[in-house]
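To start, the structure itself, in structure tokens.
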């Protein structure tokens, strides 16, 4: 067995100490910055530079590297009670999505930006909802998100932190207020249903009246067209009848002129016509103004009859 003296032990201890120091030195010099992070280097407490993701080599025991997450971070808020403008206490819960854009400002402009953002979100929610009524707070969540984001960005810009968006998770009024809102909603729906029903009945009545008016107009137009057609037909019939009579008279007159009758024949025809008129029980005879011509025809007829002998050789007398 080999005996180890005190000097050897001291040498081994020194060697081990050197190894430890070297390892610690290497550990402090060589740093790995993950993707989505940056490394902020401080030398003796003062900002030195910012390392991008990858291997970062710094001076040991002098420099210190602090990693900062540059990804978007959702920050769920705690439920808090907020008073609206109409003095209704509502419970509000929101999630804030933040992202560090300038790492050195986030580290050196505010002591703890996580706590600062949470406190700022609570203050902004109280400020925005406090200016709204309960109905506005329940129906205008997008407006709440926008107003809270604008108020927070006015402060966080100087911290190097960006507020990407804010999502209101819950706005819960007290149970009694919820019951009152449900009754109000039911009453509004019933009112709207009655209004729609009355408007439908009114529109139906208007449509019926309009239809009846259109039907009356169409009927009047039809009657007018029928009357016009009847009048046109009567006019055409009268024209055709008159044309027929004219043609008949023209034919008779033409036949008479063609036959060239003597006055005796004309008188006989006139008397025959008068006899036919007198045969009717309802006929009324009117002596024409030209009676001299008729009497002349009768006188000519008597003369002709007197000149004609009968069967025994005597002349016919006049009655």
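Structure above, values below:
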{"read-out": "Scope the stretch 124-152; condition more than 30 Å from residue 40 (Cβ to Cβ), in contact (Cβ under 8 Å) with a residue 24 or more places away in the chain and buried (at least 19 other Cβ atoms within 10 Å of the Cβ); matching residues", "value": "125, 129, 132, 134, 137, 144"}
{"read-out": "Residue among 228, 177, 195, 239 that is touching a helix residue (DSSP H, G or I) at 6+ places or on another chain (Cβ under 8 Å) and surrounded by 10 or more Cβ atoms within 10 Å (Cβ to Cβ)", "value": "177"}
{"read-out": "Matching residues, the stretch 85-123, being crowded, with 19+ Cβ neighbours inside 10 Å and within 38 Å of the chain's Cα centre (by Cα)", "value": "90, 92, 94, 96"}
{"read-out": "Those residues of the stretch 69-121 which are in contact with a strand residue (DSSP E or B) (Cβ under 9 Å, 6 or more places away or on another chain) and without any contact (Cβ under 8 Å) to a residue 12 or more places away in the chain, in sequence order", "value": "81"}
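All of the numbers you see were taken from the coordinates with simple rules; none came from a lab. Predicted, not measured: the structure shown is a model, and the values here were computed from it. So basically every Cβ, Gly included, is an ideal-geometry build from the backbone, and we count neighbours across all protein chains shown.
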